[in-house]
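Below: the structure, in structure tokens.
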Amino acid sequence: MSSYPTIPLPDYREYPVAEMRRRINAFYAEVNRRRTVREFSNRPVPREIIETAFKAASTAPSGANLQPWHFVAVSAAATKKKIRVAAEIEEREFYAHRASPEWLEALTPLGTDSNKPFLETAPYLIAVFLQKYGRLEDGRKVKHYYPTESTGIAAGILITALHHAGLVCLTHTPSPMKFLNEILGRPKSERPFLLLVTGYPADDARVPDIKRKPLHEFASFVDDQSQAP
Ligand code: IYR
């Protein structure tokens, strides 16, 4: 195995602390405006925006730089309909039988049910696939490392990029979603990871009045002033 030639770190920028503070505050304010939306407009979105969001997502770090993801952007009405029909079959099963009472109770405040009209209304359904392994040109398998972590990071960047462009998403995970391989013609080496319903919000879109946890509830610091754990 040969190693890559190296180059000096390209395009790195350091900022004075005041500028760093301004930038991180602005970034936080920007991502803190993001809300998951379930009511979509049918207004079309230019394909180029989705392509560039995919390129942004594909800058994610990945195990051994193997980039173990594949994105399918579906705008074709007939394919969206097939996805809706298949997803609603799974969701009906989920709400009627598969979900535990505890899980259904956790979903009650969100008001979700097995009806998924947004799968046809939204201009784009983005299926994110995780590649369990890759293929060399001669057909040999290439093992992927940390594909779940890698694809999760890429999906996070994708959601952030789409938000930054002024679009909204719903992170939808019908379960199981193996039907996506069949409808979208993806190989069995790929596992559907999530379905990102993407577009503009409906004019009258509403969202649940929920809050994010405060910093101290989800982060801690171990510094020289803190007591040893
Ligand atoms: N996939 C189902 C159920 C669902 C599960 C979770 I966890 C949510 O945060 C929301 C919904 C559905 O889409 O209705």
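Observations, loosely collected:
- Other residues within the sphere of radius under 12 Å centred on the Cβ of Phe40, judged by their own Cβ, net out at 0 (K and R +1, D and E -1).
- Proportion of all alpha-carbon pairs of the range 1-136 beyond 18 Å (%): 75
- Average accessible area per residue (Å²) across the chain - probe 1.4 Å, nucleic acids and ligands excluded: 68
- Distance (nanometres) between label positions extended 7 Å along Cα→Cβ at Leu104 and Glu149: 3.8
- Over the range 84-153: Rg over Rh, Cα atoms, Kirkwood Rh: 1.13
- Alpha carbon centroid spacing (whole Å) that separates the range 159-181 from the range 88-110: 19
- In units of the compact-protein estimate 2.2 N^0.38 Å, the range 156-208 shows a Cα radius of gyration of 1.37.
- Per residue, the convex hull volume that the Cα atoms of the range 51-93 enclose (Å³): 102
- Net +/- balance of residues flanking Ala76 in space, Cβ distance below 15 Å, scoring K and R +1, D and E -1: +4
- Applying the criteria of a DSSP loop state and at most 16 other Cβ atoms within 10 Å to the GluC sites (Glu not before Pro) of the range 99-205 yields Glu137.
- Normalised per residue, the volume of the convex hull around the Cα set of the range 125-198 (Å³): 97
- Karplus (6.51, -1.76, 1.60) ³J(HN,Hα), θ = phi - 60°, over the range 143-153, in Hz, Gly and Pro reported as x: 5, 9, 10, 6, x, 5, 4, 4, 5, x, 5
- For the range 62-75, 3J(HN,Hα) computed residue by residue from phi via the Karplus equation (6.51, -1.76, 1.60; θ = phi - 60°) reads 8, x, 6, 6, 8, 6, x, 9, 9, 10, 10, 9, 9, 10 Hz, glycine and proline entered as x.
- Convex hull volume per residue, computed on the Cα atoms of the chain, equals 217 Å³.
- Taking the protein heavy atoms of the range 39-203 in the context of the full set of protein chains, the accessible area attributed to carbon and sulfur is 55 percent at 1.4 Å.
- Charged side chains reduced to their Cβ positions (Lys and Arg at +1, Asp and Glu at -1) give the chain a dipole of some 480 debye around its Cα centre.
- Per-residue ellipticity at 222 nm from helix content only, as computed over the chain with -39500 (n - 2.57) for each DSSP H run of at least four residues, stands at -11000 deg cm²/dmol.
The values are calculated or read from the model by the stated rules, or taken from the named source; none is laboratory data. What you see is a predicted model; the values in this text were computed from it and never measured. So basically every Cβ, Gly included, is an ideal-geometry build from the backbone, and we count neighbours across all protein chains shown. Protein only, heavy atoms only, side chains kept; ligands, DNA and RNA dropped before computing areas. Shrake-Rupley method; radii C 1.70, N 1.55, O 1.52, S 1.80 Å.
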